[in-house]
1. How many residues are in contact (Cβ under 8 Å) with a residue 24 or more places away in the chain and within 11 Å of the chain's Cα centre (by Cα) when one looks only at the range 1-19?
2. In the range 14-26, how many are modelled with pLDDT under 85 and among the aliphatic types (A, V, I, L, M)?
Amino acid sequence: MGDVYYYTHSGRIVEFAPDGTQSTFYEEQIAPYGLAFDSAGNLLVADPAIPTTVPLVTFPALTK
């Protein structure tokens, strides 16, 4: 099993590890509509408040 990521209403993306530990993965004033991973392992964040043509913030591939 892998890690689980979720968004809090305080603007954080939190990572839960299989052992039950949690850590802040990203903290910024965001309000994403969704989180997803692409085939390369990049975490994609869809946030309509980001002023881009395609509202995605891409985090580097997660390798653990």
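1. So the count comes out to 4.
2. 0
The values are calculated or read from the model by the stated rules, or taken from the named source; none is laboratory data. Computed from a prediction, not measured in an experiment: that's the story for all the values here. Here Cβ is always computed from backbone atoms with ideal geometry, including for glycine, and neighbour counts include all displayed protein chains.
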